[in-house]
Structures are given as structure tokens and as C-alpha cells.
Amino acid sequence: SFVGQNVGANKIERAKKAMYVGMLIGSIFGVFIIGIILIFGNEVSMIFTDNTNYAFQSAEYLKGFALETILTCILFSYMGYFSGHNKTIFVMIQGIAQTFIVRLPMSYLMSIRPNPSLMLIGLAGPSATLFGIVINLVYYIVINKKKKTKEILID
């Protein structure tokens, strides 16, 4: 909504800054959370169960998934930026693409490997999000290049 308000007020640079600040703040918290998961994963998992085997397996999955805490901040900042620019169809399509092109196939492939690992299965989430970030970054560059081209033609 913040981006949409600034776009409506024709404060595009402020909308971009909001996206970047969201990425930065979220990433700082993400680094902190990754540290906690990597160092205290078993203890975090023990909050939810007394079964040490379940906690160990949960911690293994969290180690694979931990990078998601940073990547999601970046991806969601892009998605908010594009939603604020009324590019909601793009946001929906890229989300569906992430799920069906990367997340589900990678989860499946990691689970059918010999000696499957919950850590590797957990990597499906961050892999899909990284794919989404690349799609969003390319779209962001294309949109900004088109805007600059229009401005040059108008001037």
C-alpha cells in the first residue's frame, strides 16, 4: 500500500526506496534468524516437540530452508513494488511459476534421491524464491528501461 500511495502521488523514487529499505531491513533480520537456526536448530525444534528424533529431523529441514528468511524479504519487496504499480497479474504468474517450475519439481527430485535428506528437500523453498527474485529483477530492469526510453522520446 505504501508503494501504491507513492506511485499515485507520482513519487516513484520514494516507492523504489521503500522497496530497497524493505529488502534491507528484512535481510538483516533474516541473517539473524539463519544464525539462530544453524547454531540452535535442535533447540528451536524442541520448542514444538519432546521427541529428540523429530527435533533433529526438523532442524535438518530448517537448515536447508533457512536461506528463505533472507530471500523472501527480497522477493516480497519486489512483489509489493509491482503490486503498487498495478502489476498484479505479473505477481500472480511469477508466484505460480516458482511453485510449478522449481519448488515442486525440486522437492520431488530431492525426495527420490538415494538417501534423501530433509536439508536438501528444504532447499526447494529457497531455490524457488531465488528463481522468483531473478524473474522479478529482470522484469524490474525491463520496466525501468521502458520508462527511460519513453522519457527520452518525450523530451
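Give the cross-link partners of LYS148 among the lysines, using a straight C-alpha distance below 23 Å as the criterion and excluding same-chain residues fewer than 8 apart. Within the straight-line cut-off, LYS148 pairs with LYS11, LYS16, LYS17, LYS87. With the whole protein complex present, LYS11 retains an accessible surface near 100 Å², based on a 1.4 Å probe. Calculated accessible area for the chain comes out at 63 Å² per residue, all protein chains present (probe 1.4 Å; ligands, DNA, RNA ignored). Relative contact order for the chain: 26 percent, from Cα pairs under 8 Å spaced at least 6 residues apart, divided by residue count.
When PHE29, PHE2, PHE65 are compared by accessible area at a 1.4 angstrom probe, the order from most to least is PHE29, PHE2, PHE65. May I ask you to list, by number, the DSSP H helices of the chain whose Cα span along the axis is at least 20 Å and whose average Kyte-Doolittle hydropathy reaches -1.0 or more? Helix filter hits for the chain: 12-46, 68-84, 124-154.
Using Cα pairs under 8 angstrom and six or more residues apart, how large is the relative contact order of the range 69-155, in percent? Don't skip to the answer; put the middle values down first.
Working: 49 pairs, mean separation 31.1, N = 87.
After rounding, I find 36 percent.
Length available on full extension from ASN144 to ALA9: 0.36 nm per residue minus the Cα-Cα distance, which gives 46.8 nm. Extending 7 Å from the Cα toward the beta-carbon at both THR99 and PHE40 defines two label points whose distance is 3.4 nm.
The values are calculated or read from the model by the stated rules, or taken from the named source; none is laboratory data. Please read these numbers as outputs of a predicted model, since none were measured by experiment. Please note: Cβ atoms are built from the backbone with ideal geometry, for glycine as well, and neighbour counts cover all protein chains shown. Accessible surface is based on the protein model in full, side chains and every heavy atom, while ligands, DNA and RNA are left aside. Shrake-Rupley method; radii C 1.70, N 1.55, O 1.52, S 1.80 Å.
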